[in-house]
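The values are calculated or read from the model by the stated rules, or taken from the named source; none is laboratory data. What you are looking at is a predicted structure, and each value in this text was computed from that prediction instead of being measured. Backbone-built Cβ (ideal geometry, glycine too); neighbour counts: all protein chains shown.
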Amino acid sequence: MSILLEYLQNQMNKQYKHIFFDLDNTLWDYDTNSYEALKITIRKLGVLDEIEDYPTFYSIFYSINEEFRVLYRENKISKKEKRVGRFEKLFVANGISINGLSEAMNETYLKEMPLQVKLIDGAKEVLDYLHGKYCLAIITNGFMETQQQKIEQSGLSKYFEKIFLSEAIGSQKPDSLIFEHAILSMNANKNSCLMIGDSWETDVVGAMKMGVDQIYFIPALHSVYPDSRVVAFRRGMTLDLIEPKVNDSDDLAKKTNTRIIFLLNQLIEIL
Ligand SMILES: [Mg+2]
C-alpha cells in the first residue's frame, strides 16, 4: 500500500474517543485572569500608587513571566527562582525598591490568581457539547496547587475524568512522558486521542511526537480569519505573523493530523 493511501485510510478510520485539553489560555483565560490578579495584588500591597500606567506595567510583567516560564520548563531555574525571580526583575525594570516585596508579591499573586474564574469564550458551550460524548482530560504544565484550584474554582472539574498535572507526573509538555502517562491512564489508543492547545511548542509538537492528532488554537488570529474555517496545517505555512514549525523531523507531521482553529467552538465542527 502506498504511504499516501495508508495515511488516508488511517485518517478515515480515525474516531476520537479521548480528548485532551490544555488549561491556560485554552480553557481558562490566563491572560485576563492574570491581569486582574496582578492588579489586585499590587493594590493589596500598596504598590499601585507607584505605578503610573498599569497596562504597561502588566505587559512588562507578561514578558518577564513568559521568559521565566520557559527557563523553568527547560529546567534552568527552580520553582522558587521562577516564582520570586519574575517579581524581582519586574521591580528592577520599574525602578521600585524591592526590600522583600518580591516574596510578598508572589505569595499574594498566587493566592489571587486561582480565584479568578474567567474562561475562554466558548469553553463552557464546547465542554457541555463534548461531555458525555467523549472522555475528556486536561494535560497542563504548571504548579499542582495553582492548577488544581483554578480548575475547581472556575467550574471546569465536572467535565473532566482526569487531570494530568506536570508537577505531579514529573514531566512537562512537550516531553513525551506526560502524554504517554495520560494515554495509559485513560486506557486509550493514541489513534483515538486528540490534543487541543494554544501552544505550538508544547501542546501541538508534544502530541505530534507521540503520534496523537492535534488542534492548534489561535484566538489572537480570530480577527484576521473572521470566516473561522478550520485550517489544515501544511509545512512551511504562515498565519499572519505566526509561523508554526516542525523542527524535529519532517516525518512527525506526516503521521498525524494537525488542524488550526481560531474560536474554541469550532471544535463542534470537528468532533
Ligand atoms: Mg496554554
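Assorted remarks:
- Positions within the stretch 236-269 being within 28 Å of Lys17 (Cβ to Cβ) and at pLDDT below 90, in sequence order: Pro244, Val246, Asp248, Ser249, Asp251, Leu252, Ala253, Lys254, Lys255, Glu269
- For the condition modelled with pLDDT under 90 and over 20 Å from Tyr35 (Cβ atoms), Asn99 qualifies.
- Selection status of Ser192, surrounded by fewer than 23 Cβ atoms within 10 Å (Cβ to Cβ) and within 16 Å of the ligand (Cβ to nearest atom): no
- Exactly one residue out of Asn106, Asn99 is assigned to a helix (DSSP H, G or I), polar (S, T, N, Q) and assigned by TED's automatic domain parsing to the domain that holds Ile64, and it is Asn106.
- Residue within the stretch 159-179 that is in a loop (DSSP other than H, G, I, E, B) and over 30 Å from Val117 (Cβ atoms) present: no
- When the test is whether a residue is more than 16 Å from Asp24 (Cα to Cα), crowded, with 16+ Cβ neighbours inside 10 Å and within 16 Å of the ligand (Cβ to nearest atom), Gln214 passes it.
- Among the candidates Lys89, Lys111, Lys82, the residue that is more than 16 Å from the chain's Cα centre (by Cα) and surrounded by fewer than 17 Cβ atoms within 10 Å (Cβ to Cβ) is uniquely Lys111.
- Helices (runs of 4 or more DSSP H) completely within the stretch 15-96 that count 2 or more residues being over 27 Å from Ala220 (Cα atoms): 30-44, 79-93
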